[in-house]
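Just so it is clear, none of the values below were taken in a lab; they were calculated from the coordinates. Everything quoted here is computed from the prediction, not taken from an experiment. Please note: Cβ atoms are built from the backbone with ideal geometry, for glycine as well, and neighbour counts cover all protein chains shown.
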Amino acid sequence: MTTIMRRTFLGGSAMLGAGLLTGIGPRLANAQTGEITVTAFGGVWEEAVRKCFVAPFEAKTKAKANVSLGGPPQWLAQVEAEPAKPPVDVLIMTPDLALTAAKADLVDDFTVEKLPNLAKIPQQLTDSVKGKGTLFDYGVSGITYNKDRVKNPPKSFAEFVDRVASGEFVASVPSISYAVTPIMLIWSMAQALGGGANNVDPFFKAMEKMKDNLVFWAGPNDFFNHLSSGEADIGIYFDGRTWNHFDSGATWIDFINPAEGGALNGVAVQKPKNANPLAWQYINEVLDAKNQEQFAEIMNYGVTNVDVVYSDKLKPRITPWQQTQFPPYEEIAPVRNEWVDRWNREIGR
C-alpha cells in the first residue's frame, strides 16, 4: 500500500498572535467596513460555510463576506477573465484546478506570516497545490455496502474485484459521466492493483472481469438508490456521503477504507492575486481548528488542521489522510482524456 509517508508540519504556533498583528492586522485596521466575495458549493455545503467560516470572520472583522455559489470551473474562469480585479476573493477548488490556477500564476502564495493557522496544516497538503493554497477538507472514496445483504464485506480493492467478478455481489460504480470518476475509480483501482497514472491496464482488466455484475451511477443519489432498492449490494462511494445517509436514517449502510487506501479527494482554498486583502483573514478562519471541527461535524468529512479533535460520533468515521492514496494530479492531467476515451471504447457506460 502506498500511503503518504512524509508528514512535515510547519512550526511556529507562537506566531498565531503575532501573525495576526503583523501580517493581517494592519490591513484590517484600514478595512473594517470592507466586503469580500467567497465561494461555496450549494446545499449543506453553503450552510456549513456560512456557519463555520463566514460567521466568525464577520464577527471578528466587522466586514461582510458575500457567498457566491457555483463550482470551481466557473470560479476559475471568472478569475482568468479579470485577473487584475477578480470578482471573487476566495476560491474553493478541486486540487486539479487549484494546480491549474497555481501554474497560471493566478493565485497568491500561502505563508504562515499571512495565515497563522497555516502552521497547523500538514506541509504535504500545501505542497500538493504548489504552496499557492492548501487543502482544508477531504473525502475518501472507498467501499460502501448494505450491511443487511453483505455480512462479510471485502476489505481491499483486490478482494472487491474478485468477489464481484465471481458473482457474489452486484456492485454499483460511478459512470464516466461523473466528474471525479477518473480519480476515484480509474486511478484509485489501477493504483491498488499494481498500476498507476502511467498504467491503468489493471483497472480495465478488473472492469472486464466484473462487467456482468456491475451497475453504474451517474450521481450520488443514484448510488444510494441502487443499494436501498436491492439493485446492488455494494459499490465505490464516498465516506462522508455514506455517513450522511446513515444519519438520515439509512442505518443499514456502512463504509470501509480499502486496505490499499482509498483515493483522497481534497478541497483546496486559494486567494486570487489582486483580491481584497481581507481574504487572508477569511482563509485563516477556514484553517482554524475549532471552525474546522464544526465544519466536519456538519459535513461528515475529514479536515486538515492537526489540532482538530473529532467528536465521539465522527472519530470512527474519519479516515486519517495519511491512510489514503494521494492522487498525482500532475501525472494524471496529461492522460486523463485518454482514460475517458478508452472507457468509452471498452465500457461505454
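Summary of values
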read-out: Charge dipole (debye, nearest 20) of region 101-188; +1 at Cβ of Lys and Arg, -1 at Cβ of Asp and Glu; value: 240
read-out: Ratio of Rg to Rh over region 171-247 (Cα coordinates, Kirkwood Rh, two decimals); value: 0.98
read-out: Percentage relative contact order, region 35-117, counting C-alpha pairs under 8 Å, at least six apart; value: 33
read-out: Nearest 10 degrees, 0 to 90: helix 336-346 Cα axis against the chain principal axis; value: 20
read-out: Estimated inter-spin distance, GLU331 and VAL306, nm [label 7 Å along Cα→Cβ]; value: 2.6
read-out: Rounded, prolate or oblate (a/c below 1.5 giving rounded, otherwise prolate when a/b exceeds b/c) for region 249-349 by Cα gyration tensor; value: oblate
read-out: Pairwise label distance in nanometres, TRP252 with GLN322, each label 7 Å out on the Cα-Cβ vector; value: 3.8
read-out: When the convex hull of its Cα atoms is projected in every direction, mean area for region 115-252 (nm²); value: 10.0
read-out: Added length on full extension, which subtracts the Cα-Cα distance from 0.36 nm per residue, SER229 to ASN199; value: 7.2 nm
read-out: Net lengthening on full extension, ASN221/ALA81 (0.36 nm per residue, minus Cα-Cα); value: 47.0 nm
read-out: Global size of region 105-181 as Cα Rg and Dmax, reported in angstrom; value: 19.7, 57
read-out: Members of LYS51/LYS120; LYS60/LYS114; LYS151/LYS205; LYS64/LYS114 lying beyond 25 Å, as alpha-carbon distances in this model show; value: LYS151/LYS205
read-out: The chain pair-distance distribution - Cα-Cα, 20 Å bins, rounded %; value: 30, 55, 14, 0
read-out: Backbone N under 18 Å from the LYS209 label point (7 Å along Cα→Cβ), restricted to region 319-349; value: 347
read-out: Cut-off 14 Å (backbone N to label point 7 Å along Cα→Cβ of LYS273), residues of region 99-118; value: 101-110
read-out: Estimated 222 nm signal from helices in the chain, with DSSP H stretches of n ≥ 4 weighted -39500 (n - 2.57), rounded to 500; value: -9500 deg cm²/dmol
read-out: Label-point separation in nm, ASN66 to ASP127, each point 7 Å along Cα→Cβ; value: 3.9
read-out: Kirkwood hydrodynamic radius over Cα pairs of region 205-301, then Stokes diffusion coefficient at 4 °C and 1.567 mPa s, in µm²/s; value: 78
read-out: Set of aspartates and glutamates near LYS155 by C-alpha distance (under 17 Å), chain-local residues within fewer than 8 positions excluded; value: GLU168, ASP233, ASP239, ASP254, GLU260
read-out: Stokes-Einstein D in µm²/s, Kirkwood radius over Cα pairs - region 308-349 at 20 °C with 1.002 mPa s viscosity; value: 157
read-out: Rg/Rh for region 193-237, where both radii come from Cα atoms and Rh is the Kirkwood radius; value: 1.07
read-out: Debye-sum result for region 156-198 in log10 I(q)/I(0), which assumes one identical scatterer on each alpha carbon, at q = 0.17, 0.28, 0.34 Å⁻¹; value: -0.51, -1.02, -1.09
